[in-house]
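> Dropping the structure in here first, questions after.
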Amino acid sequence: MRAAHAYRVLSPVASEDPALTPEGCRRAARCRACTVRQNALFVNLTHDELDAIAWKVPEETIPAGETLYRSGDQPGMIFILRSGLIKLETYLSDGSYRIVRLARRSDLLGLERLLDSPCDHTAIALADTEVCKVSLEVVRQVMAHQPWLSTQMIRHWHQALQQADGWLAQYSLGAGRQRVARFLVDLHDLSGDEQGRITIPSRDDVGAILGITKETASRLIADFHRTGLLTKIDQQRATIQRTALAGIAEGE
């Protein structure tokens, strides 16, 4: 499909093509303008190639606290995070859970579906999160004509493994105060907005990430708030003194 077609005035005949409906044109314009695409799945597609598949890629907002998918689910798609924050949970035999990593803007979720495997984790929005839903059919279609996409997929998978390994290494070391400080700094660097505001997970979630009790997590966050290292904006959002917390994280 020629790129210009996506923006032409629609005639009754043209509108029979879903790529040329108002919704198809809106999605094409969205994908062309998307800054996430530079770090996500279809970075190397030309505008013509992007327009040819954009109409097949809907987006959805997942409200904070809602589940995107559950462990064992088999959605026919993978997900690109456009904004927000998603926690990936795994459940233990004793009924408790651990959060294995946080997914942020431009991350891909559900890559295991390309192997026809069910989802490994449960994905829950920590903040209002926008995702693009790319069907497995579309991914495989592009992979068949663009061999570089296989390398791109491996790169994303490797990044996810690195993040998970990093969590195991850095969040299992040091006293609870160091772990919480390190986590707040990471939240700032991973998902802070232009004003440096972060979304702090529930105390249960902080405990599940760091391997400490929720009571310890609550006490330490309260300590940081009392000493001015963390300033609450509302129940979930806050700003932090990054330099000072980074020093605590390093044991200074």
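The values are calculated or read from the model by the stated rules, or taken from the named source; none is laboratory data. Only a predicted model underlies this, so the values are computations on that prediction, with no experimental measurement involved. For neighbour counting, all protein chains shown are included, and Cβ atoms are generated from backbone atoms with ideal geometry for every residue, glycine included. Accessible surface areas use protein heavy atoms only, side chains included; no ligands, DNA or RNA. Shrake-Rupley method; radii C 1.70, N 1.55, O 1.52, S 1.80 Å.
> Within the group Gly251, Gly211, which residue is in contact with a helix residue (DSSP H, G or I) (Cβ under 7 Å, 6 or more places away or on another chain), closer than 20 Å to Ser172 by Cβ and surrounded by fewer than 18 Cβ atoms within 10 Å (Cβ to Cβ)? So that I can check it myself, show each step before the final result.
On the way: Gly211 fails: in contact with a helix residue (DSSP H, G or I) (Cβ under 7 Å, 6 or more places away or on another chain).
One residue alone meets the criteria, Gly251.
> Could you list, in sequence order, the residues of the stretch 230-248 that are of a type outside the set (Val, Ile, Thr) and open to solvent by 30 Å² or more (accessible area, probe 1.4 Å)?
Of the residues in the stretch 230-248, the ones of a type outside the set (Val, Ile, Thr) are 230, 232, 234-238, 241-242, 244-247.
Once the filter is applied, which keeps residues that are of a type outside the set (Val, Ile, Thr) and open to solvent by 30 Å² or more (accessible area, probe 1.4 Å), the stretch 230-248 yields Lys232, Asp234, Gln235, Gln236, Arg237, Gln241, Arg242, Ala244.
> Considering only residues that are in contact with a helix residue (DSSP H, G or I) (Cβ under 6 Å, 6 or more places away or on another chain) and surrounded by fewer than 21 Cβ atoms within 10 Å (Cβ to Cβ), look in the stretch 214-228 and name the one that is nearest to Glu66 (Cα to Cα). Steps first, please.
In the first step, residues of the stretch 214-228 are kept if they are in contact with a helix residue (DSSP H, G or I) (Cβ under 6 Å, 6 or more places away or on another chain); the result is 214, 216-218, 220.
Retained after the next criterion (residues that are surrounded by fewer than 21 Cβ atoms within 10 Å (Cβ to Cβ)): 214, 216, 218.
Numbers: Lys214: 21, Thr216: 26, Ser218: 23 Å.
This residue is Lys214.
> Search the stretch 163-201 for residues being in contact with a strand residue (DSSP E or B) (Cβ under 9 Å, 6 or more places away or on another chain) and of a type in the set (Ser, Thr, Tyr), and hand back the single one that is modelled with the highest pLDDT.
Here the answer is Thr199.
> While we're here: Please list, ordered by first then second residue, the pairs with beta carbon atoms under 8 Å, 6 or more apart or interchain, first in the stretch 156-175 and over 13 Å from Ile99 (Cβ atoms), second open to solvent by less than 40 Å² (accessible area, probe 1.4 Å) and at pLDDT below 75.
Close Cβ pairs satisfying both conditions: His156/Leu41.
> Taking the condition open to solvent by 60 Å² or more (accessible area, probe 1.4 Å), closer than 24 Å to Leu220 by Cα and in contact with a Ser or Thr (Cβ under 9 Å, 6 or more places away or on another chain), does Arg203 pass?
The answer is yes for Arg203.
> Next question, about the same structure. Closer than 24 Å to Gln236 by Cα, in contact with a Cys (Cβ under 9 Å, 6 or more places away or on another chain) and assigned to a strand (DSSP E or B), is that true of Arg98? So that I can check it myself, show each step before the final result.
Values: closer than 24 Å to Gln236 by Cα: yes; in contact with a Cys (Cβ under 9 Å, 6 or more places away or on another chain): no; assigned to a strand (DSSP E or B): yes.
No, not satisfied.
> Has the stretch 98-107 got at least one residue that is within 21 Å of Ser150 (Cα to Cα), at pLDDT 90 or above and not acidic (Asp, Glu)?
For the stretch 98-107, residues within 21 Å of Ser150 (Cα to Cα), at pLDDT 90 or above and not acidic (Asp, Glu): absent.
> Please work out if Ala64 is out of contact with any Cys (no Cβ under 9 Å at 6 or more places or on another chain) and assigned to a helix (DSSP H, G or I). Show your work before the answer.
On the way: out of contact with any Cys (no Cβ under 9 Å at 6 or more places or on another chain): yes; assigned to a helix (DSSP H, G or I): no.
It is false that Ala64 is out of contact with any Cys (no Cβ under 9 Å at 6 or more places or on another chain) and assigned to a helix (DSSP H, G or I).
> Continuing with the same structure: Tell me, yes or no, whether the stretch 71-83 has at least one residue that is buried (at least 18 other Cβ atoms within 10 Å of the Cβ), β-branched (Val, Ile, Thr) and either closer than 29 Å to Pro147 by Cβ or at pLDDT below 85 (or both).
Of the residues in the stretch 71-83, the ones buried (at least 18 other Cβ atoms within 10 Å of the Cβ) are 77-82.
Narrowing the set further to residues that are β-branched (Val, Ile, Thr) leaves 78, 80.
Subset that is either closer than 29 Å to Pro147 by Cβ or at pLDDT below 85 (or both): 78, 80.
Yes, the stretch 71-83 contains at least one residue that is buried (at least 18 other Cβ atoms within 10 Å of the Cβ), β-branched (Val, Ile, Thr) and either closer than 29 Å to Pro147 by Cβ or at pLDDT below 85 (or both).
> All but one of (1) over 21 Å from Leu114 (Cβ atoms); (2) surrounded by 13 or more Cβ atoms within 10 Å (Cβ to Cβ); (3) modelled with pLDDT of 80 or more; (4) not aliphatic (A, V, I, L, M) hold for Arg27; state the number of the condition that does not hold.
(3)
> Give me the pairs, please: first residue somewhere in the stretch 87-107 and touching a residue at least 12 places away in the same chain (Cβ under 8 Å) and crowded, with 16+ Cβ neighbours inside 10 Å, second residue anywhere and of a type in the set (Val, Ile, Thr) and outside any strand (DSSP E or B), beta-carbon distance under 6 Å, and either six or more positions apart or on two chains.
Ile99/Ile209; Ser106/Val36
> Taking only pairs six or more apart or across chains, which ones have beta-carbon atoms under 7 Å, a first residue in the stretch 33-55 that is within 21 Å of Glu137 (Cα to Cα) and at pLDDT 80 or above, and a second residue that is part of a loop (DSSP other than H, G, I, E, B) and not aromatic (Phe, Trp, Tyr)?
Sorted first by the residue in the stretch 33-55, then by its partner, the pairs are Asp48/Met1; Asp48/Arg2; Asp51/Met1; Ala52/Met1.
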